[in-house]
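Have a look at the structure below before the remarks.
The values are calculated or read from the model by the stated rules, or taken from the named source; none is laboratory data. Remember, predicted model here, so these are calculated numbers, not experimental data. Virtual Cβ from ideal backbone geometry, glycine too; neighbours counted across all protein chains shown. Side chains included, ligands, DNA and RNA excluded: accessible areas come from the protein's heavy atoms. Shrake-Rupley method; radii C 1.70, N 1.55, O 1.52, S 1.80 Å.
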Amino acid sequence: LSLIPATPVSNGPANGGGRHCRIRVVEAPSEFLQLGAKAQYEAIAKVTKKPEKITKPRAPCPMTFGDEALAVLYFMLVLGVPLLIPVVTCGMLATRPALLRWWLPTLGFLAFHPIPKYRPWYRRNRIGVILAKYFTITLLMDRNDPNCQRAGTPAVEENPVGTPVVTLACPHGVLNWGAITWVFFSRWIVGLEQYTAGANVITRVPGLRYAAASLWAIPADRGSLKRSLQEEPRILDKKGQRFSTAVPRRGGKVGIVPDGIAGIFKSTPGKDVLFLGKKRGLMRICLEEGATIFGGWFNGTSEMFYIVTDPFGIMEAISRKLKVSIFLFFGRWGSPVPRRVAVTMCARVVQCSKSAAPSEQEVESLHDEVYGGLSRRFDAMKHFVATRTERWRSNEVGALSVQ
């Protein structure tokens, strides 16, 4: 992939109205998601400023003991429980097989008990703000882009980004917690809220399925993606009145991590890699639907965990075959709790021209525009991030990395 040199950066005025702006989601008040719309947009205005050049990576922000304890408990529930299940099962099988008659039904209940879909509480609970603080979330955006001019302002409530919208969360890592945090705040950035496409199994994994509820998980197959993108956003109630920010807007917007299983196994602390492969199905769907592609690079994702894999690639091969990731990982204190790192999202938007039957050349051209353009945007903004890495380059077929 040929990368074009970045153009010079103009910081613009201090109020963030210039070319680039920085939205420090981490500084949002703890009660942000429970505030009224006016207070919410006033809070975002206070944390929206021009970005400043920095020379070393940002340190995680301070947290209260209570907030950090809640975050750790949350991670132990959604990530620790899935890791604990095979250990407990094998232990029972080896020492107390009789207990399995109670254990297996318990697992069945945890995997299949009903979780109602798309409840407002999933997106309006305090864990969203706690995650933003835990990962010190900051968004970098280009105000020259028409789709970003209204971001974080009341205008985006009246005039959200036009649907359909596809949001790309790069890279995958073990889990892209920056992108997971994004779903709690995207309403105030683009005016809409998203479904999240992924493997069906995540909605049946005890513990992890509670995080999937907040993501509004849908299958990542072609049919599900197109149906969700074609769905009309729920903006007005039955009386024709605009829903308040307390009511999530769903429909017409889907988020996805484009590098999937490959992105998990390529994740290494100190090296950001987006492994794209040769498939172009998502780009084809974007062209067919005339989608607005909102690409986001979440710098810091690969620093959250260490992944344990076998040197022969057996686990990756099995994962690809089963379409389920099978791997071990550890983070803070050698536990499933991710390390505290400051996460910065660099955003770039591409508007697709709708084509009922896009050619291979059109698909490939869009692929290069989306991912090559995202790499150039990151390169233009990297001195606001102070990443440990220096620049983007292509290091293997289908892969982009920051070195």
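Observations on the model:
- Amide proton proximity set for Gly198, modelled H, under 5 Å, gap of 5+: Ile218, Ala220
- DSSP beta bridges in the chain [antiparallel fraction, %, rounded to 5]: 60 percent
- Once the Cβ-Cβ distance of Leu100 and Thr55 is raised to the sixth power relative to R0 = 60 Å, the FRET efficiency obtained is 0.60.
- Normalised by the number of residues in the chain, the average gap of Cα pairs under 8 Å and 6 or more apart makes the relative contact order 22 percent.
- Most mobile listed residue (Gly91, Gly178, Gly162) in the chain, GNM with C-alpha springs under 10 Å: Gly91
- Volume per residue for the stretch 56-129 equals 157 cubic angstrom (convex hull of Cα atoms).
- Approximate shape of the stretch 285-378 as ellipsoid semi-axes (Cα gyration tensor, √5λ), whole Å, largest first: 33, 20, 11
- Per-residue extension of 0.36 nm, minus the Cα-Cα distance of Leu70 and Ala111, leaves a gain of 12.5 nm for this segment.
- Inter-site label distance for Glu158 and Glu369 at 7 Å from Cα along Cβ, in nm: 3.0 nm
- Accessible surface, per residue, of the chain when the full set of protein chains is kept, probe 1.4 Å, Å²: 46 Å²
- Sites Lys279 and Val308, calculated FRET efficiency, Cβ-Cβ separation with R0 25 Å, nearest 0.05: 0.40
- The chain, accessible surface, carbon-and-sulfur percent (1.4 angstrom probe): 60 percent
- Relative contact order [Cα under 8 Å, 6+ residues apart], the stretch 161-282, whole percent: 38 percent
- Helix content alone sets the calculated 222 nm mean residue ellipticity of the chain: runs of n ≥ 4 DSSP H residues at -39500 (n - 2.57) each, divided across all residues, give -10500 deg cm²/dmol.
- The equivalent ellipsoid that matches the C-alpha gyration tensor of the stretch 137-216 spans semi-axes of 27, 13, 11 angstrom, in descending order.
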